[in-house]
């Protein structure tokens with residue numbers, strides 16, 4: 001692919017030369033919670049071709065933002081991961097996401113897909129505090145994700161916790177979306193199974209609000 005450039009001696013222009021093309025920052029977004037295999041990245045970016053994704057990853061590798069690693073557990077595989085410099089984009093992604101939240105359409109818009117991973121990432125970025133430090137595990141339609149709370153920050157990670165979670169939620173995507181949006185989870189619903197410090201369930205969804213969601217009555 002031909003590289004486009006503004007040809008301006010300006011930090012913003014050069015940053016946009018590198019990161020301003022379509023898909024690039026969404027790849028960074030999807031790698032922030034942890035390493036991913038090519039196929040998993042591709043599966044989460046509806047509309048991108050395999051050739052284009054491969055080209056974008058090569059560009060990010062050339063920029064020193066992404067690297068390829070080999071993992072051996074649970075099975076041997078090659079994954080893509082952010083480098084330390086790539087991790088430096090985390091606050092930029094967070095600020096751009098928060099700025100863009102005011103432009104989001106009504107949930108369920110035909111023009112915008114919703115995804116529980118994106119929602120959970122936004123919730124972590126919007127953490128208002130109050131939860132006990134530790135790991136909060138969510139198994140959403142067999143997609144296991146973890147929110148790690150430390151001090152006044154919450155971070156989304158892929159995969160299960162390595163120790164006992166403070167709170168564990170196994171649920172359907174529909175239950176999670178509804179609970180996150182309304183901030184009114186129903187632990188009695190058959191679509192969810194809650195374990196650990198179950199008294200924290202409502203506080204979890206209050207402390208990790210979906211941006212622009214209405215307040216629960």
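We did not get these values from a lab; they are worked out from the coordinates using the rules stated. On a predicted model such as this, the values are computed, not experimentally measured, just so you know. Note: ideal-geometry Cβ built from the backbone for every residue, glycine included; neighbour counts use all protein chains shown.
Of the Cα atoms belonging to the chain, the radius of gyration and Dmax stand at 18.3, 59 Å. Under a Gaussian network description of the chain, with springs only between Cα atoms under 10 Å, the residue in 202, 172, 49 that fluctuates furthest is 49. In whole percent, what relative contact order does the chain give with Cα contacts below 8 Å and a gap of six or more residues? So the answer I get is 15 percent. A helix-only calculation puts the chain at -10000 deg cm²/dmol for mean residue ellipticity at 222 nm, using -39500 (n - 2.57) for each DSSP H run of at least four residues, averaged over all residues. For segment 116-207, the alpha carbon positions stretch 33, 26, 25 Å along the principal axes, listed from largest to smallest.
In terms of packing, defined here as the mean over residues of other Cβ atoms within 10 angstrom, the peptides 122-132, 17-27 line up highest first as 122-132, 17-27. Mean separation of Cα pairs under 8 Å and 6 or more residues apart, divided by the residue count, gives segment 11-103 a relative contact order of 29 percent. Rounded to the nearest whole angstrom, the semi-axes of the ellipsoid equivalent to segment 35-152, taken from the Cα gyration tensor as √(5λ), stand at 25, 20, 17, largest first.
Remark: spin-label model distance residue 193-residue 87 equals 3.4 nm, labels positioned 7 Å along the Cα→Cβ axis. Between residue 153 and residue 203, the modelled labels are 2.2 nm apart [label points 7 Å from Cα along Cα→Cβ]. In percent, rounded to a whole number, the relative contact order of segment 116-207 is 27, using alpha-carbon pairs under 8 Å and six or more apart. Note on 56, 78: ascending count of other Cβ atoms within 10 Å places them as 78, 56, the fewest first. Remark: spin-label model distance residue 8-residue 23 equals 2.6 nm, labels positioned 7 Å along the Cα→Cβ axis.
The angle between the Cα long axis of helix 173-182 and the longest principal axis of the Cα atoms of the chain comes to about 80 degrees, rounded to the nearest 10.
Computed over the alpha-carbon atoms, segment 11-103 gives an Rg to Rh ratio of 0.97, Rh here being the Kirkwood radius from the mean inverse distance. For the pair segment 115-179 and segment 13-65, the centres of their Cα atoms are 24 angstrom apart.
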